[in-house]
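The values are calculated or read from the model by the stated rules, or taken from the named source; none is laboratory data. Worth saying up front: this structure is predicted, and the values here are computed from it rather than measured. Note: ideal-geometry Cβ built from the backbone for every residue, glycine included; neighbour counts use all protein chains shown.
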Amino acid sequence: MKTTTGKTITKGSGNVFADLGFSPAKSRNLRLRSQMMTALRKFIEKEGLTQADAAKRLKVSQPRISDLTRGKISRFSLDTLVNMLTDAGLEVDFRIKPPSPRVA
């Protein structure tokens, strides 16, 4: 689609990491980690926790909370994030489904 300024806008796939050119497996991994990190940041904000308090509650160091709040996704594995979410008292649930049919 062309805008009035002549720029082309392409509809995204729903996964920004796939749109940036990551492989399907890597883009799904990044998307899951991003969603979990967002949930943890919202939890910390909702609870009004300082980084030090959040670190104690989530059983990690304060610098790890700093990495989390600054979106340092490469520093967190799925395992670590699941553990942190569990320590926050949040439920982690994954769905596995067949791929969506491709539109030709």
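Condition first: aromatic (Phe, Trp, Tyr) and not in a loop (DSSP other than H, G, I, E, B). Can you find one or more residues in region 13-32 that meet it?
Within region 13-32, one or more residues are aromatic (Phe, Trp, Tyr) and not in a loop (DSSP other than H, G, I, E, B).
Look at region 19-33: where a residue is on the phi < 0 side of the Ramachandran plot and surrounded by 14 or more Cβ atoms within 10 Å (Cβ to Cβ) and a partner is of a type in the set (Gly, Ala, Ser) and assigned to a helix (DSSP H, G or I), sitting 6+ places away or on another chain with Cβ atoms under 6 Å, you get 27/18. Among the residues of region 59-76, the ones that are touching a residue at least 12 places away in the same chain (Cβ under 8 Å), under 14 Å from residue 34 (Cβ atoms) and part of a loop (DSSP other than H, G, I, E, B) come to 2 in all.
Residue-level check: of (1) buried (at least 16 other Cβ atoms within 10 Å of the Cβ); (2) of a type in the set (A, V, I, L, M); (3) within 27 Å of residue 16 (Cα to Cα), residue 78 misses just (1).
Residue-by-condition table, conditions (1) in contact (Cβ under 8 Å) with a residue 40 or more places away in the chain; (2) surrounded by 14 or more Cβ atoms within 10 Å (Cβ to Cβ); (3) among the β-branched types (Val, Ile, Thr):
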{"residue": "36", "(1), (2), (3)": "yes, yes, no"}
{"residue": "44", "(1), (2), (3)": "no, yes, yes"}
{"residue": "83", "(1), (2), (3)": "no, yes, no"}
{"residue": "101", "(1), (2), (3)": "no, no, no"}
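Taking into account only those residues within region 1-18 that are over 30 Å from residue 89 (Cβ atoms) and either surrounded by 11 or more Cβ atoms within 10 Å (Cβ to Cβ) or of a type in the set (D, E, K, R) (or both), which is modelled with the lowest pLDDT? The residue in question is 2.
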